[in-house]
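This report refers to the structure that appears directly beneath it.
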Amino acid sequence: MSAVLKALEKTFGGPKTLDEPRPLEQLVFLILARCSDPRRARAAMKRLEMEFVDWNELRVTSVYEIRKHLAPLGAQKIGDKAEEIRELLTTVYERFNKLDLAFLHGVGNAPEE
């Protein structure tokens, strides 16, 4: 997991430390924090978690609707970030048939190939 985060940070930039232990949420936070203030990214993350029942609801929501909840980030590229979050969630769901990457921490069972 550390190598993945380092590669993402090298490519996209982002916070130096992550206070989010859940892998999927870390990835969402990294998308939100790219080219943005980490405090604003945390505010946007909290807003998403409050407004949507779970990540699956967010996955099936329109990009337009997601954009409305990313207001704490400011206007810069929130459309791109909304789309990237939906693509991430869709990819994880299609690959693992669930929206949980806890197995990356050894917390859950590794998905079968």
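The values are calculated or read from the model by the stated rules, or taken from the named source; none is laboratory data. Everything quoted here is computed from the prediction, not taken from an experiment. All Cβ positions, glycine included, derive from the backbone under ideal geometry; neighbour counts span all protein chains shown. All accessible areas refer to the heavy atoms of the entire protein, side chains included, with ligands and DNA or RNA removed. Shrake-Rupley method; radii C 1.70, N 1.55, O 1.52, S 1.80 Å.
Odds and ends about this structure:
- Karplus-derived 3J(HN,Hα), 6.51/-1.76/1.60, for each residue of the range 22-32, Hz, glycine and proline x: 7, x, 5, 5, 4, 5, 4, 4, 4, 4, 5
- Distance between modelled label sites at Lys98 and Ser62, nm, 7 Å Cα→Cβ extension: 3.2 nm
- Solvent-accessible surface of protein heavy atoms, probed at 1.4 angstrom with all chains present, puts Tyr64, Tyr93 in the order Tyr64, Tyr93, largest first.
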